[in-house]
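What follows is calculated from the coordinates using simple rules that are stated; it is not laboratory data. Model, not experiment: these values are computed from the prediction. Please note: Cβ atoms are built from the backbone with ideal geometry, for glycine as well, and neighbour counts cover all protein chains shown.
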Amino acid sequence: MRFILFVLVAMSFACTSTPSKIKYNKNLDGYSYPFPVQTFEFKSQKQDVHMAYMDLNSSSKQVIVLLHGKNFAGYYWDFIAKDLVDKGYRVIIPDQIGFGKSSKPKHYQYSFYQLAHNTIELLNSLSVESFTIIGHSMGGMLATHLTYYQPNRVKKLVLLNSIGLEPYLQFTYFKDPEFFYNSEVSKTPVKMRNYQKKNYYDGKWEDAYEKLLIPHIGQMNHSDWKIVAWHNALTYGPIFNEDITSKMASIGVPTRIINGTRDRTGPGRGWKKDLNAKLGQYENLGKETQRRFPNAKLYELSGLGHMPHYEDYERFKKVFFKALVE
């Protein structure tokens, strides 16, 4: 295995180009992350691939791994990572294969176990033995699988508005990846903005939210967009096919659940078997999830949605740092 370090000069997290003109290829070359980016090169599924990651305060023995959600990559952890470093933590932020600056292989069989294995290999390469793992949205599903897979390595599992708190295929029909590809490739900046405005931010919109769209808009404008859209489609598979609720009872690791209770994220809502079934009721899902884990505490943020760390960071961080130490 080889390691290649490349430093991106992140003079500003915001892009100075207008969103309609910016272009980023499948690996987001030219898009500046908030901290220096390194790459971990390895072989997976008979291919040479790389994972991009940020590694902050590497001399600390208190390690936290931050796992991004499906519609994001490691770049959106910036201010949380800064505060964690200020408190003395080492913070490792990977982009999973298929996301952000990491590889988009020609062929790849996506599963949460594969992504968990890749993440463990990265941590092994950094000589990290034990760590706290924090997953937001889809990252919560990945963090749960990784904890189930390597419980002796995980000191604490923190789920931040994780999806997967209900078994989606119990309520929805199965869809072929081509279904998701057709949806992805037809996206526009306006559609993506309206989706997030409605589903993440309660109809509100701010400059901080717009910045998170810049890498997506840049990729939509590039000839690589169909490649990115295909990987976006493929990574829906694990969300529906790899239930985490059945694993929770077997995870004895201290678990902390942080939920914005206004969240209504429910993958598959548009193709439910039972039209009366309600998905994404986070004011109920948090309590149900807490009961499933043997050693869990629940922290609820009323009035906040799927992105509580962006909607109200000052309020969020009080709960977040409390959950880390309790």
Legend entry - Set of lysines near Lys23 by C-alpha distance (under 25 Å), chain-local residues within fewer than 8 positions excluded: Lys70, Lys101, Lys104, Lys106, Lys187, Lys191, Lys197, Lys211, Lys226
Inset, instruction - Kindly put Arg291, Arg264 in sequence by how many other C-beta atoms sit within 10 Å of each C-beta, fewest to most. - result: Arg291, Arg264
Legend entry - Three-way shape call for the range 135-244 based on the alpha-carbon gyration tensor, with the a/c threshold at 1.5: prolate
Inset, instruction - For the chain, give the magnitude of the charge dipole about the Cα centre (Cβ charges: +1 Lys/Arg, -1 Asp/Glu; no others), in debye to the nearest 20. - result: 260
Inset, instruction - Classify the range 14-107 as rounded, prolate or oblate from the Cα gyration tensor: take a ≥ b ≥ c as the square roots of its eigenvalues, call it rounded if a/c is under 1.5, otherwise prolate when a/b beats b/c and oblate if not. - result: oblate
Inset, instruction - Set the Förster radius R0 to 45 Å, insert the Cβ-Cβ distance between Asn152 and Phe174 as r into 1/(1 + (r/R0)^6), and round the FRET efficiency to 0.05. - result: 0.85
Legend entry - Positive dipole terminus of the range 188-326, leading residue within Gly305, Ile227, Leu285 (C-beta point charges): Leu285
Inset, instruction - Please give the FRET efficiency for Lys21 paired with Ala208, using the beta carbon to beta carbon distance and R0 = 25 Å, rounded to the nearest 0.05. - result: 0.75
Inset, instruction - Indicate the gyration tensor shape class of the range 205-326 (rounded, prolate or oblate), computed on the Cα atoms with a ≥ b ≥ c the square roots of the eigenvalues: a/c under 1.5 is rounded; otherwise a/b larger than b/c is prolate and the rest oblate. - result: oblate
Inset, instruction - Check the straight Cα-Cα distances from Lys287 and name the aspartates and glutamates below 13 Å, setting aside those fewer than 8 residues away within the same chain. - result: Glu166, Glu300
Inset, instruction - With springs connecting C-alpha atoms under 10 Å apart, model the chain as a Gaussian network and identify which of His117, His50, His216 has the largest mean-square fluctuation. - result: His117
